[in-house]
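Enquirer: Questions regarding the structure given below will be posed in turn.
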Number of protein chains: 2
Amino acid sequence: MNIALDVMGGDNAPQEVVAGAVLAAREYEIAVSLVGRPDVIARELSKHDVRGLKLPIVPASEVIEMDDKPATAVRAKKDSSMVVACQLVKAGKADAFVTCGNTGGALAAGILHVGRMKGIQRPALITPFPTQTGFCLLLDVGANVDSRPEHLQQFAVMGSIYSKRIMGVTSPTVRILSNGEEQGKGSQLVLEATALLEKTPGITFLGNIEGRDIVNDVADVVVTDGFTGNVLIKTAEGVGKLIRTILVEELTASPISSLGGLLAKSALRRLSRRIDDSEFGGAVLLGLSNLVVVAHGRSNANAVRHAIRVAKQSIDYRIVDEIQAGVQVIPKAAAELQSQAA
Amino acid sequence: MNIALDVMGGDNAPQEVVAGAVLAAREYEIAVSLVGRPDVIARELSKHDVRGLKLPIVPASEVIEMDDKPATAVRAKKDSSMVVACQLVKAGKADAFVTCGNTGGALAAGILHVGRMKGIQRPALITPFPTQTGFCLLLDVGANVDSRPEHLQQFAVMGSIYSKRIMGVTSPTVRILSNGEEQGKGSQLVLEATALLEKTPGITFLGNIEGRDIVNDVADVVVTDGFTGNVLIKTAEGVGKLIRTILVEELTASPISSLGGLLAKSALRRLSRRIDDSEFGGAVLLGLSNLVVVAHGRSNANAVRHAIRVAKQSIDYRIVDEIQAGVQVIPKAAAELQSQAA
């Protein structure tokens, strides 16, 4: 097994990315191809004991920056670490692509250079979302903008398989994000997708879920269109940051509350850890012919290791084959539905 | 001036609702019609000194409950406090309708019984959303499900007028919620609405805003369709609750952090206050021939007073007339746009 890692992307690249690759290569006993500027990579590798580890260097002279326009950059920077890494996967020289760089760039490079899975109409970005007792999976959070009901149906199948294999949920429940929990409430897209989801084999569909209930552990997988999903995760990020900012402001506003904040420091740290999803490897683009893992831009070595673990697990469990098999039974069900309606 | 108040709706009805009416009638020197069961209202009024206050009782025998299906309940419960209050407004006997009850019921009663404003295609629900330094206004947060570009354009005009008059912003800036901040990013709806917003007279349109930036004080008014807006505010509510729950769990996990939490108590209380929007009167349904104010279900007397204040201000500033005038100049601009394109 070989994972193609974009060494140049992310806030803490290349140091933490290479450090994460070293951790992963040692712990999981796999090869991690380090894609980027050879001099930079060699310098970082010299800081680690890499004897016996499989960490080949794959040269790429360019970098897709965080503020680059994704589609344009992927086309213009043909020798960027992202594009070269995706081409490794495409050529069968690597089994998955992992990056902490520009999410849009990773999506564009993946879709353009890794290539789509047969039968998948739209790849989707899936991400863990914090809940009271753990995490649920949310997709699509931004691979697509406008979605059709059939897309959401495929998202549900892909999300269920991912939940089973990567999150270890035996029988994952699926809900569709809507503006009300009652059946019959929702946009035209939600209503039409619901009709399809109710007839989709291999998933446990439980109907609508509201934004406020995602955190309440009532679904393992929540499907939505990429526009709404993207707004949702970014709003959650904004609200989390706002609360943190105001909390710090208020805690430092008086000596007594400062002391309180100091004494409660470990509790506040545990709070951050429980709503931080970096141990889950970040977001994953499902529906391509191989997996693309988009870890957080702020990933440290440990988060990079987890992102590589997710890629490894997906290969071990043959997620791509499972998804392929899962979506192949959908058209049949849709045809049945039509003949029933006729 | 007379405000029709639904005394039966809300978690703290009738006690806090009547208490809020008493506060408002005294402070703003206006009449507040108390709509609901006369015996219940009389009993609550007997707890207050109401000499000289204008607090007429308007009988209504039924109540639209929090778990009633809105559209059905509004049709079935013709003598409910919501329907009777809206009919008071329709008949010109009251100038606005205020409730802390079932939001869907309030929308349905308002749309059905208060009636639409001429020229408005869809009424919209507007609500304050917490930011680093205060609040911005978000609409539509759920009066509609599927929206068209022209609807979002009218939302922008209504939101700007409301921001000026009720929030006191001299020259409110407007942005459209999207899945990226760059121009050209967005769903079909966002792209088409953007083209209209750029040509809309009387508003200061600044382009896209992402979910994570709403809290960063970069817009006074954020427009979106009612589906996305509803998901957004409910997600924010869920995330806020999740953080609060985990914070309490972690603070009470050890004696030291418990002590810390105790010392930081006033800071935590200030945090809650800064992200609580009850002083802004809750959500307001704009675009009807009179204002409908939907305060939080959990409103206490003070929040009810603020909701009545918002209704009073909207009447003082002739918000309805201003909105009517504001939307009347839109079709002209749209026609100009078409002739330019031709």
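The values are calculated or read from the model by the stated rules, or taken from the named source; none is laboratory data. The shown structure was predicted, so the numbers you read here are calculated from the model rather than taken from an experiment. When we count neighbours, we look across all protein chains shown, and the Cβ atoms used for this are built from the backbone with ideal geometry, even at glycine.
Enquirer: Select from the range B:167-184 the residues that are over 18 Å from A:T224 (Cα atoms) and crowded, with 21+ Cβ neighbours inside 10 Å and list them in ascending order.
Expert: Answer for the range B:167-184, where residues must be over 18 Å from A:T224 (Cα atoms) and crowded, with 21+ Cβ neighbours inside 10 Å: B:P172, B:V174, B:R175, B:I176.
Enquirer: Sort out which residues of the range A:106-134 are of a type in the set (A, V, I, L, M, F, W, C), in contact (Cβ under 8 Å) with a residue 40 or more places away in the chain and over 30 Å from B:K241 (Cβ atoms), and write them in order of number. I'd like the intermediate steps shown before the answer.
Expert: Taking the range A:106-134 and keeping what is of a type in the set (A, V, I, L, M, F, W, C), we get A:106-109, A:111-112, A:114, A:117, A:120, A:124-126, A:129.
From what is left, the residues that are in contact (Cβ under 8 Å) with a residue 40 or more places away in the chain are A:106-107, A:109, A:111, A:114, A:117, A:120, A:124-126, A:129.
Residues satisfying the conditions are A:A106, A:L107, A:A109, A:I111, A:V114, A:M117, A:I120.
Enquirer: Would you point out which residue out of A:V84, A:V74 is assigned to a helix (DSSP H, G or I) and either farther than 22 Å from A:G142 by Cα or in contact with a Lys or Arg (Cβ under 6 Å, 6 or more places away or on another chain) (or both)? Before the answer, list the steps.
Expert: Details: A:V74 fails: either farther than 22 Å from A:G142 by Cα or in contact with a Lys or Arg (Cβ under 6 Å, 6 or more places away or on another chain) (or both).
Step by step, each of A:V84, A:V74 is checked, and only A:V84 is assigned to a helix (DSSP H, G or I) and either farther than 22 Å from A:G142 by Cα or in contact with a Lys or Arg (Cβ under 6 Å, 6 or more places away or on another chain) (or both).
Enquirer: Quick one: which residue in B:T173, B:T194 is within 14 Å of chain A (Cβ to nearest Cβ) and of a type outside the set (A, V, I, L, M)? Can you show your working first?
Expert: On the way: B:T173 fails: within 14 Å of chain A (Cβ to nearest Cβ).
Every option except B:T194 fails the conditions.
Enquirer: Using beta carbons and a limit of 8 Å, which pairs, at least six apart or on different chains, have the first residue in the range A:39-63 and surrounded by 13 or more Cβ atoms within 10 Å (Cβ to Cβ) and the second one among the β-branched types (V, I, T) and part of a loop (DSSP other than H, G, I, E, B)?
Expert: Pairs found: A:V40/A:V7; A:I41/A:V7; A:E44/A:V7; A:K54/A:I30.
Enquirer: Output the residues belonging to the range B:106-163 that are farther than 19 Å from B:T200 by Cβ and β-branched (V, I, T).
Expert: Residues satisfying the conditions are B:I111, B:V114, B:T127, B:T131, B:T133, B:V141, B:V145.
Enquirer: To continue, here is another question. What are the pairs, 6+ residues apart or on separate chains, where a residue within the range A:83-105 that is at negative phi and among the basic types (K, R) has its Cβ under 7 Å from a residue that is surrounded by fewer than 24 Cβ atoms within 10 Å (Cβ to Cβ) and not in a strand (DSSP E or B)?
Expert: So the pair list comes out as A:K90/A:H113; A:K90/A:G115.
Enquirer: Continuing with this model, one more query. Report, by residue number, each residue of the range A:171-185 that is under 17 Å from A:D217 (Cβ atoms) and of a type in the set (G, A, S).
Expert: Passing the criteria: only A:S171.
Enquirer: Counting just the residues of the range A:111-134 that are in a strand (DSSP E or B) and not hydrophobic (A, V, I, L, M, F, W, C), which one comes out farthest from the other protein chains (Cβ to nearest Cβ)?
Expert: Among residues in the range A:111-134 that are in a strand (DSSP E or B) and not hydrophobic (A, V, I, L, M, F, W, C), the one farthest from the other protein chains (Cβ to nearest Cβ) is A:R116.
Enquirer: Can you pull out every residue in the range A:94-110 that is in a loop (DSSP other than H, G, I, E, B) and touching a strand residue (DSSP E or B) at 6+ places or on another chain (Cβ under 7 Å)? Write out each step before concluding.
Expert: The initial filter retains those residues of the range A:94-110 that are in a loop (DSSP other than H, G, I, E, B), namely A:94-95, A:100-102.
Residues satisfying the conditions are A:A94, A:D95, A:G101.
Enquirer: Another question, if that's okay. Cβ-Cβ under 8 Å, sequence separation 6+ or interchain: first residue in the range A:220-233 and under 16 Å from A:A156 (Cα atoms), partner basic (K, R) and surrounded by 24 or more Cβ atoms within 10 Å (Cβ to Cβ). Which pairs?
Expert: A:V221/A:R175; A:V222/A:R175; A:V223/A:R175
Enquirer: Which residues, counting only those in the range B:135-170, are assigned to a loop (DSSP other than H, G, I, E, B) and either touching a residue at least 12 places away in the same chain (Cβ under 8 Å) or within 14 Å of chain A (Cβ to nearest Cβ) (or both)?
Expert: Residues satisfying the conditions are B:D140, B:V141, B:G142, B:A143, B:N144, B:V145, B:D146, B:S147, B:R148, B:M167, B:V169.
Enquirer: Is it the case that some residue within the range A:247-254 is crowded, with 19+ Cβ neighbours inside 10 Å, over 15 Å from B:R270 (Cα atoms) and of a type outside the set (F, W, Y)?
Expert: Checked against the condition, which is being crowded, with 19+ Cβ neighbours inside 10 Å, over 15 Å from B:R270 (Cα atoms) and of a type outside the set (F, W, Y), the range A:247-254 yields no hits at all.
Enquirer: Which ones in the range B:219-260 are acidic (D, E), closer than 30 Å to A:L263 by Cβ and more than 7 Å from chain A (Cβ to nearest Cβ)? Write out each step before concluding.
Expert: Start the filter on the range B:219-260 by keeping residues that are acidic (D, E), which leaves B:220, B:225, B:237, B:249-250.
So of that shortlist, the ones also closer than 30 Å to A:L263 by Cβ come out as B:237, B:249-250.
Hit for the range B:219-260 is B:E249, nothing else.
Enquirer: Looking only at the range B:9-19, how many residues end up being touching a Ser or Thr at 6+ places or on another chain (Cβ under 7 Å), at pLDDT 95 or above and buried (at least 24 other Cβ atoms within 10 Å of the Cβ)?
Expert: Going through the range B:9-19 one residue at a time, the tally reaches 0.
Enquirer: Can you tell me which condition B:R116 does not meet? The list is (1) touching a Pro at 6+ places or on another chain (Cβ under 8 Å); (2) within 20 Å of A:K234 (Cα to Cα); (3) surrounded by fewer than 22 Cβ atoms within 10 Å (Cβ to Cβ), and all the others hold.
Expert: (2)
Enquirer: For residues that are surrounded by fewer than 16 Cβ atoms within 10 Å (Cβ to Cβ) and assigned to a helix (DSSP H, G or I), tally how many sit in the range A:20-38.
Expert: Matching residues across the range A:20-38 total 2.
Enquirer: If the Cβ limit is 9 Å and pairs must be 6+ apart or interchain, which residue in the range B:186-198 that is closer than 15 Å to A:G226 by Cα and crowded, with 17+ Cβ neighbours inside 10 Å pairs with which residue that is at pLDDT below 95 and among the β-branched types (V, I, T)?
Expert: Sorted first by the residue in the range B:186-198, then by its partner, the pairs are B:G186/A:V145; B:S187/A:V145; B:V190/A:V145.
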